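Step one of this worksheet: look at the structure below.
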Amino acid sequence: MSLRGKAVLITGGGTGVGKGIAKHLGALGAKVAICSRKNEILQATVAELQGAGIQAIAQECDIRDPAAVEATAAWVLEQYGRLDVLVNNAAGNFPALIADLSYNGFKTVVDIDLNGTFNMSKACYEAWFKNHGGNIVNISAPFEGAGIPYQAHAAAAKAGVNSLTRTCAVEWRKQGIRVNAIEPGAVDNTAGVDRLAAPLTGSTLADVAPCTPTDIAKAVEFLVSDDAVFINGQCIAVDSGTGVDLLKLNL
Ligand code: COA
């Protein structure tokens, strides 16, 4: 119960990796708050978490909307009286070659993945972290430094997330805030992998057994623990090495 009494906010916590993180940190004693755009899914996940004995609450929030993220940060503080960990997990994605990607398609994914991460980090910083310290973990992708076909939008956004991770870590370290990123590879039974599987069939990703949301959650657990107290501003792949392989093979 290493997170007993701690409050954790997970964006996109209703499904997939975010839900796995909610379950895992909740099982370690954390009070969990999840948000996403889909209230019905959030309520079902909250019921599941509560059924497992986890303290859990949910609120609808589109992280592209600065007013909505401010309201969500205020809501967590109202409900739990503290905020120890923010996991910026919410993301939007679809496979599309640049030739098939509209201006709005590119913008939409950057708005969710990069601007949404900035919005929630800034809102939580202003509302709590700047006076109390805390931990932020951004769920990124092992895309930086390579050309990633079908993922121009997401790869650009996640490279931005990695940059933001480093700058937040440097600007905020004196206030006791650590900011790190995890770059998951293929995660089983998630919308991301289901959607990307078709165009990437036959690629390196197809050769590697996907990990589970719990494997990602365990990395979050470590990063927010005191065992990682000197780890700050790092973007760590949790991907069985597929990221470095993609660079070599120029997939
Ligand atoms: N191929 C090409 N363009 C696509 C697309 C696809 N598969 N899916 C969406 N787009 C484009 C749309 O055509 C639109 O552009 P347009 O206005 O020029 O036509 C733009 O992206 C926005 O799409 P829209 O559906 O209106 O936006 P949204 O905000 O409702 O949802 C996503 C955007 C990315 C979240 C949506 O694709 C989605 O719901 N994805 C599933 C959930 C998900 O992504 N989970 C995370 C996986 S990592």
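Read-outs: derived from the displayed coordinates by stated rules, not from any lab. Fair warning: this is a prediction, and the values are worked out from it, not measured in the lab. Neighbour counts are summed over all protein chains in view; Cβ atoms, including those assigned to glycine, are modelled from backbone coordinates with ideal geometry.
Tabulated values for the structure
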{"read-out": "Charge sum, other residues only, whose C-beta stays under 14 Å from residue 143's C-beta, Lys/Arg counted +1 and Asp/Glu -1", "value": "-4"}
{"read-out": "Estimated FRET transfer efficiency when R0 is 25 angstrom, pair residue 231-residue 100 (beta carbons, to 0.05)", "value": "0.05"}
{"read-out": "Length released on extending from residue 67 to residue 1, taking residue separation times 0.36 nm less the Cα-Cα span", "value": "20.4 nm"}
{"read-out": "Estimated 222 nm signal from helices in the chain, with DSSP H stretches of n ≥ 4 weighted -39500 (n - 2.57), rounded to 500", "value": "-13500 deg cm²/dmol"}
{"read-out": "Folded to 0 to 90 degrees: helix 152-172 orientation relative to the chain principal axis, Cα", "value": "40"}
{"read-out": "Extension gain (nm, one decimal) between residue 189 and residue 43, 0.36 nm per residue minus Cα-Cα", "value": "50.6 nm"}
{"read-out": "Choice from 35, 235, 211 with maximal GNM fluctuation in the chain (Cα, 10 Å cutoff)", "value": "211"}
{"read-out": "Gaussian network model of the chain, Cα within-10 Å springs - most flexible of 73, 22, 127", "value": "127"}
{"read-out": "Relative contact order of the chain, defined on C-alpha pairs under 8 angstrom at six or more residues apart (%)", "value": "20"}
{"read-out": "Estimated FRET transfer efficiency when R0 is 35 angstrom, pair residue 78-residue 173 (beta carbons, to 0.05)", "value": "0.80"}
{"read-out": "Phi to ³J(HN,Hα) by Karplus 6.51 cos²θ - 1.76 cosθ + 1.60 over the stretch 224-230, Hz, x for Gly, Pro", "value": "8, 8, 5, 5, 10, 4, 9"}
{"read-out": "GNM top mover of 135, 104, 89 - the chain, alpha-carbon springs below 10 Å", "value": "104"}
{"read-out": "Computed Rg/Rh of the chain, alpha carbon atoms with Kirkwood Rh", "value": "0.95"}
{"read-out": "Long-range amide H partners of residue 237 with built H, under 5 Å", "value": "183"}
{"read-out": "Restraint check, 130/218; 19/107; 158/218; 38/174, Cα-Cα greater than 31 Å", "value": "38/174"}
{"read-out": "Cβ-defined net charge surrounding residue 27, 15 Å radius [Lys, Arg +1; Asp, Glu -1]", "value": "+3"}
